[in-house]
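Since the structure comes first, as structure tokens, the remarks are kept for the end.
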Amino acid sequence: MLRFLRRQSVRWLLLLGLCELLLLALSLSMATYLRYFRSPDELAEFSVHLPERAFVFGTVIVIGMVALGQYQSHMRTSRFGLLARQAVAFALGGTLLVIGYYVVPQAYVGRGVLAIALSLGFVLVLGFRVAFLRLVDVDALKRRVLILGAGMRAAQIHNQMRRRTDRRGFCVVGYVPRMDEPVAVPNEQLVRLNTPLQVIVQREQIDEVVVGVDDRRGHLPMDDLLECRQMGVTITDLTTFFERESGRVQLTILDPSWLVFSGGFNATPLRLLSKRCFDLGAATVLLLTLWPLMLLEALAIWLESGPGQPILYRQERVGEHGRTFLLLKFRSMRTDAERDGIARWASKNDDRVTRVGRISRKLRVDELPQLWNVLKGDMSIVGPRPERPQFVADLALQIRYYSLRHCLKPGLAGWAQLSYPYGATVEEAAEKLKYDLFYVKNHNLLLDLLILIQTVEVVLFGRGAR
């Protein structure tokens, strides 16, 4: 039974979202009763279509929580951070509900009911989430993983996935050293093979064996791994394990054969059509919604810089398949920011940034003109961020596989922007490439939608802005 539960651990986030949706729907039902229990006639009147209203209430609040990253499997935050994110998510969801009630008056539930429902839902969801996170941190409900190998490759799990949040869905039982392989993990985590591998797997109730040996040529116990596979144990390559558990492609253990045979890179006509339709629809909605904000931004730039100074900034960037295009932005730097013609990374507290530009960069308002690039087809709503040709030329020489990020159109929002702050060095660009490659390899319509929604969190908390 425990093995069954551990195998379902990948569905914990879906279960969490469903349970919280039900709790939120229950909150609106309880709020309606608490508000009108002394008046049976009004209670009967407001109970009409209550299940539908409760479902809409719960769905909108859950969308707000998705936007604040509350359903990220690798989210690292303190208890105060959890509380703050949930508060902002409920505020965002409540605002969306008020707007929705204005657009569709028939769905209106009353200010009193809405206030009580939000308060009840906040307490119920917070209590349930704390209990749920403690439950999934119980080792008995995690997948039990055995690492085949104890050298430099296998040690990356020990070195780079130390936190409990990194190992929320699994626990490492130990590392099995191989002959002629230098040991790079602590001795207390070694599992010596004094019996066949399948015996240890059965004795320790292993759910997954991760193959992480330094040299696989002639050093893999294929017969033992086949026996384990027939026992229902999952056999996973180390690179695939990292990709699945961390949401990034680990460059230091990456080889071309894995990229060729591991799947992904969906570029079928249907996927390209769906991505283009998503881009056009999202860009149109954002333009119709945010044009007043863009107008205010243009006015602020004009007031600060004076008449005759440019409001928009055009800059050459590298797009799909290495083709260049002119990217549009609201100007956030002085007009003489690069008077010597040398491209530079933006630094923290960059003195070239104007006062208006500092605010617009923090809120990402300066990026909004790129919606025109999306409509033109130069960019997508979601994808790797476009870089300048000078930077791309340098980074492609220093970082292996850097050119792979250009097999898709660059995006206004991206997986790397959600997962990693602004990068202004070669090392940071290499870290961001890990997330860009994950997106390039695994992109689909649902992932695009989730990234777009969670970009709200980046804007509200100002992560990565410079």
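The values are calculated or read from the model by the stated rules, or taken from the named source; none is laboratory data. Please read these numbers as outputs of a predicted model, since none were measured by experiment. Reconstructed Cβ throughout: ideal geometry from the backbone, glycine too, with neighbour counts over all protein chains shown.
Confirm whether Arg216 is in a loop (DSSP other than H, G, I, E, B), of a type outside the set (Gly, Ala, Ser) and in contact with a Phe, Trp or Tyr (Cβ under 8 Å, 6 or more places away or on another chain).
Judged against the criteria, Arg216 is not a match.
Return yes or no: is Pro421 at pLDDT 95 or above and not polar (S, T, N, Q)?
In short, no.
Looking at the structure I just gave you, is Leu290 surrounded by fewer than 14 Cβ atoms within 10 Å (Cβ to Cβ) and part of a helix (DSSP H, G or I)?
no
Mind listing just one residue for me: the one in the stretch 182-193 that is assigned to a loop (DSSP other than H, G, I, E, B) and among the hydrophobic types (A, V, I, L, M, F, W, C) and, of those, surrounded by the fewest Cβ atoms within 10 Å (Cβ to Cβ)?
Leu193
Restricting to the stretch 250-298, name every residue that is acidic (Asp, Glu) and either assigned by TED's automatic domain parsing to the domain that holds Gly308 or in contact with a Leu (Cβ under 8 Å, 6 or more places away or on another chain) (or both).
Asp279, Glu297
What is the residue count in the stretch 254-287 for residues that are in a helix (DSSP H, G or I) and among the hydroxyl-bearing types (Ser, Thr, Tyr)?
Adding up the residues that qualify gives 3.
For the stretch 354-397, which residues satisfy the criterion of being part of a helix (DSSP H, G or I), charged (D, E, K, R) and touching a residue at least 60 places away in the same chain (Cβ under 8 Å)?
Selection gives Arg361, Lys362, Asp366.
Conditions (1) acidic (Asp, Glu); (2) touching a Pro at 6+ places or on another chain (Cβ under 7 Å); (3) assigned to a strand (DSSP E or B), marked per residue:
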residue: Leu133; (1), (2), (3): no, no, no
residue: Gln156; (1), (2), (3): no, no, no
residue: Arg167; (1), (2), (3): no, no, no
residue: Val173; (1), (2), (3): no, no, yes
residue: Asp180; (1), (2), (3): yes, no, no
residue: Thr195; (1), (2), (3): no, no, no
residue: Gln202; (1), (2), (3): no, no, no
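Tally up the residues in the stretch 293-324 that are outside any helix (DSSP H, G or I) and touching a Pro at 6+ places or on another chain (Cβ under 8 Å), please.
6
Quick one: would you say Gly319 is of a type outside the set (Lys, Arg) and under 27 Å from the mean Cα position of the chain (by Cα)?
Judged against the criteria, Gly319 is a match.
Quick check on my filter: what residues within the stretch 374-387 are surrounded by 17 or more Cβ atoms within 10 Å (Cβ to Cβ) and of a type outside the set (Asp, Glu)?
Those that are surrounded by 17 or more Cβ atoms within 10 Å (Cβ to Cβ) and of a type outside the set (Asp, Glu): Val374, Met379, Ser380, Ile381, Val382, Gly383, Pro384, Arg385, Pro386.
Take Asp351 and decide whether it is part of a loop (DSSP other than H, G, I, E, B), out of contact with any strand residue (DSSP E or B) (no Cβ under 8 Å at 6 or more places or on another chain) and either closer than 28 Å to Leu293 by Cα or among the basic types (Lys, Arg) (or both).
yes
Scanning the stretch 117-144 for residues that are at pLDDT 95 or above and among the β-branched types (Val, Ile, Thr), which turns out surrounded by the most Cβ atoms within 10 Å (Cβ to Cβ)?
Residue satisfying both the conditions and the ranking: Val125.
Answer with yes or no whether Val353 is farther than 27 Å from Lys275 by Cα and not small (Gly, Ala, Ser).
Answer is yes for this residue.
Is the stretch 413-436 home to any residue that is under 19 Å from the mean Cα position of the chain (by Cα), without any contact (Cβ under 8 Å) to a residue 60 or more places away in the chain, in a strand (DSSP E or B) and outside the structural domain of Tyr71 (by TED's automatic domain parsing)?
Checked against the condition, which is being under 19 Å from the mean Cα position of the chain (by Cα), without any contact (Cβ under 8 Å) to a residue 60 or more places away in the chain, in a strand (DSSP E or B) and outside the structural domain of Tyr71 (by TED's automatic domain parsing), the stretch 413-436 yields at least one hit.
Residues to consider are Asp350, Asp378; find the one that is acidic (Asp, Glu) and over 21 Å from Pro421 (Cα atoms).
Sole residue among the options that is acidic (Asp, Glu) and over 21 Å from Pro421 (Cα atoms): Asp378.
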